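Here's the structure we're looking at; comments come further down.
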Amino acid sequence: MESLSVRHLLGIKNLTSEDIHLILETAKQFKEVINRPIKKVPSLRDVTIVNLFFENSTRTRISFELAEKRLSADVLNFSASSSSVNKGETLLDTVNNILAMKVDMVVIRHPSPGTAIYLSKKIDASIINAGDGTHEHPTQALLDAFSIQEKLGDLAGKKVLIIGDIMHSRVALSNIFCLQKLGAEVMLCGPRTLMPNNIESLGVRVENNLKKALSWCNVANVLRIQLERQNISYFPSLREYANMYGINKQLLSEMKDELLIMHPGPMNRGVEISSDVADSPQSIILDQAQNGVAVRMAILYLLAGRR
């Protein structure tokens, strides 16, 4: 079996393009599995995985748990809100206590950037980063790449636009790294106040005019406004944001080519995306959700092979 060059999935930045291609190829096989009448395989029957979520999550948490169970792993779910973390226990003590129960892999989501990297240096188990603050969300980027590949084929030369709150988005950063390693071109669009300084140094183009940006791309990945991460106001109102940067049917009808529309969720309908776009044939948002399980199965399977 081919194997990954890494023991952990900490971020797309740590992966080679060969690693990414291997994950996407393996995910194709697992997508066939989850569309069969019997959706379970015994690949990780002797592996114990803990899902450590220190932030709210619906899609990512359910997707990981389903992927683990489809692979026949033993699964433990940990929620910070009902744990000893609330009594002052440190992250490392929490994790070490769990590992003492003979856990092989840790899937972690945490509000602090770099948490997964920190843990990978302190413990023996394989770490999978399910989102760390505004840093990275590697499995989302991989499932996004898989979803585009499924519709458009090889990503080399494809033009992908990421729209919205780039400053607070871990999805944007992971997508930029992943798409570039697969040969795609990336453009960012959104209010200047939500664009990080010197973001062009990552090799991306920045366009503030949404119509110009949409006329350039094959795929538009729409991000939500992350109000929970914003302690000041970055634009006058949600209505003004929707008028300037919201994707709606009228806007898309003015484009000469039909675009693929993506969204990592959760969606703020009527703000960054209208319902008639989110539910349209151009949208592959529900494909992304289904593909998330196959991609996460591939990652778990390949990392388990490195143990």
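Quick notes
- Cβ-Cβ distances below 6 Å connect the following pairs, each with a first residue in the range 131-149 that is closer than 15 Å to Tyr118 by Cβ, a second residue that is in a helix (DSSP H, G or I) and aliphatic (A, V, I, L, M), and a separation of six or more residues or different chains: Asp132/Ala116; Glu136/Leu173.
- Of Asp104, Asp74, all but one fail to be within 30 Å of Lys28 (Cβ to Cβ), among the acidic types (Asp, Glu) and surrounded by fewer than 17 Cβ atoms within 10 Å (Cβ to Cβ); the exception is Asp74.
- Complete set of residues in the range 272-289 that are free of Cβ contacts under 8 Å to residues at least 12 places away in the same chain and under 20 Å from Lys151 (Cα atoms): Asp279, Pro281, Leu286
- Test: Asp74 is among the acidic types (Asp, Glu) and either under 21 Å from the mean Cα position of the chain (by Cα) or at pLDDT below 95 (or both): no
- Of all residues in the range 162-172 being surrounded by fewer than 24 Cβ atoms within 10 Å (Cβ to Cβ) and hydrophobic (A, V, I, L, M, F, W, C), the one that is farthest from Glu207 (Cα to Cα): Met167
- Considered as a group, the residues in the range 24-49 that are touching a helix residue (DSSP H, G or I) at 6+ places or on another chain (Cβ under 7 Å) and in a loop (DSSP other than H, G, I, E, B) include one that is surrounded by the most Cβ atoms within 10 Å (Cβ to Cβ), and that residue is Leu44.
- Any hit, the range 81-90, residues being among the aliphatic types (A, V, I, L, M) and either under 24 Å from Gln140 (Cβ atoms) or in a strand (DSSP E or B) (or both): no
- Test: residue in the range 113-121 that is more than 27 Å from Glu18 (Cβ to Cβ), of a type outside the set (A, V, I, L, M) and either free of Cβ contacts under 8 Å to residues at least 60 places away in the same chain or part of a loop (DSSP other than H, G, I, E, B) (or both): no
- Per this entry, Asn56 is counted among residues that are surrounded by fewer than 21 Cβ atoms within 10 Å (Cβ to Cβ) and more than 28 Å from Gly153 (Cα to Cα).
- Checklist (1) touching a helix residue (DSSP H, G or I) at 6+ places or on another chain (Cβ under 6 Å); (2) surrounded by fewer than 17 Cβ atoms within 10 Å (Cβ to Cβ); (3) in a helix (DSSP H, G or I) applied to Asn96, failing item: (1)
- Qualifying residue in the range 224-239 (condition: at pLDDT 95 or above, of a type outside the set (D, E, K, R) and either surrounded by fewer than 17 Cβ atoms within 10 Å (Cβ to Cβ) or farther than 24 Å from Asn56 by Cβ (or both)): no
- Total residues in the range 266-302, condition touching a helix residue (DSSP H, G or I) at 6+ places or on another chain (Cβ under 6 Å), surrounded by fewer than 20 Cβ atoms within 10 Å (Cβ to Cβ) and under 24 Å from Asp19 (Cβ atoms): 1
- Those residues of the range 8-49 which are without any contact (Cβ under 8 Å) to a residue 40 or more places away in the chain and either aliphatic (A, V, I, L, M) or in contact with an Asp or Glu (Cβ under 8 Å, 6 or more places away or on another chain) (or both), in sequence order: Ile38, Val41
- Residue identified as in contact with a helix residue (DSSP H, G or I) (Cβ under 7 Å, 6 or more places away or on another chain) and surrounded by fewer than 24 Cβ atoms within 10 Å (Cβ to Cβ) among Leu143, Leu194, Leu182, Leu152: Leu182
- Subset of the range 283-307 [of a type in the set (Val, Ile, Thr) and either modelled with pLDDT under 95 or not in a helix (DSSP H, G or I) (or both)]: Ile284
- Tally, over the range 99-112, of residues that are in contact with a strand residue (DSSP E or B) (Cβ under 6 Å, 6 or more places away or on another chain), under 21 Å from Pro138 (Cα atoms) and in a loop (DSSP other than H, G, I, E, B): 1
The values are calculated or read from the model by the stated rules, or taken from the named source; none is laboratory data. On a predicted model such as this, the values are computed, not experimentally measured, just so you know. Cβ sites come from the backbone with ideal geometry, for glycine too, and all protein chains shown count toward neighbours.
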